[in-house]
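Following: one structure in structure tokens, then a few remarks.
The values are calculated or read from the model by the stated rules, or taken from the named source; none is laboratory data. Quick caveat: nothing in here was measured; it's all calculated off a predicted structure. Glycine also receives a Cβ, built like all others from the backbone with ideal geometry; neighbour counts cover every protein chain displayed. Only protein heavy atoms, including side chains, enter the accessible area calculation; ligands, DNA and RNA are left aside. Shrake-Rupley method; radii C 1.70, N 1.55, O 1.52, S 1.80 Å.
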Amino acid sequence: MSQDGVRLGGFTCWRLAVILGYAVLFTAITRPREVQDTLIWLLKPFPFLHGRRIGLMVSLTIRFFSIILDQAEEVRLAHRARLGDLKKNPVRKAKFLALPLIRRSFSQAEDVTLALVARGFRDDLPLQIQKLPFSHLIPLFFLLGSFVAIWLLSLLKNSFFPG
């Protein structure tokens, strides 16, 4: 185990932690409806992609991810209560944990589908997307400015300290 290997492994773990942290932050502060509207807006130039369906799938995934994790914990505890954790075959363990979780997920997906149909959801209606407010563009200007500043600083550093 070399020092470079430890440094590279630590850097990789740090990057994964930052990505996970940003994902948690994004899902904590963004409403699913905003995610759905954004995906519809981003996929609008591609006529072969159904933006409304994809947006609905992503927003429902964000909304129900914690419920699926809770169900996985329930299935794991039930499996453990039946002494299933004493068996050493990992394939059988995975089968006895995955199949009930998949069954519950499909059952819940069917309930959500029936609820959407009962409320009159249709994806063939024309889209009415609001214009992007100027207040949403301000962080992009700051980001662009910071990139330009970093680029200029790197040019200055290279001109003063060549090589």
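Which residue, of 67, 54, 138, 102, is aliphatic (A, V, I, L, M) and more than 22 Å from the chain's Cα centre (by Cα)?
After applying the criteria, what remains is 138.
Any residue in the range 110-122 that is closer than 23 Å to residue 63 by Cα and of a type in the set (S, T, N, Q)?
Scanning the range 110-122, I find at least one residue that is closer than 23 Å to residue 63 by Cα and of a type in the set (S, T, N, Q), so the answer is yes.
Pick from 120, 145: which is under 23 Å from residue 36 (Cβ atoms), more than 25 Å from the chain's Cα centre (by Cα) and open to solvent by less than 100 Å² (accessible area, probe 1.4 Å)?
120
When you scan the range 113-127, how many residues do you find that are outside any loop (DSSP other than H, G, I, E, B), of a type outside the set (Ser, Thr, Tyr) and under 16 Å from residue 52 (Cα atoms)?
The number of residues fulfilling the criteria is 2.
Residue by residue through the range 32-62, note down the ones that are surrounded by 15 or more Cβ atoms within 10 Å (Cβ to Cβ), of a type outside the set (A, V, I, L, M) and part of a helix (DSSP H, G or I).
32, 36, 37, 38, 41, 51, 52, 55, 59
Does the range 19-26 contain any residue that is of a type outside the set (A, V, I, L, M, F, W, C), surrounded by 11 or more Cβ atoms within 10 Å (Cβ to Cβ) and at negative phi?
No, there is no match, as no residue in the range 19-26 is of a type outside the set (A, V, I, L, M, F, W, C), surrounded by 11 or more Cβ atoms within 10 Å (Cβ to Cβ) and at negative phi.
Within the range 68-105, track down each residue that is closer than 29 Å to residue 39 by Cβ and either open to solvent by less than 60 Å² (accessible area, probe 1.4 Å) or small (Gly, Ala, Ser) (or both).
Across the range 68-105, the qualifying residues are 71, 72, 98, 101, 105.
Of all residues in the range 67-97, which are under 23 Å from residue 113 (Cα atoms) and in contact with a helix residue (DSSP H, G or I) (Cβ under 9 Å, 6 or more places away or on another chain)?
Matches in the range 67-97: 67, 68, 71, 72.
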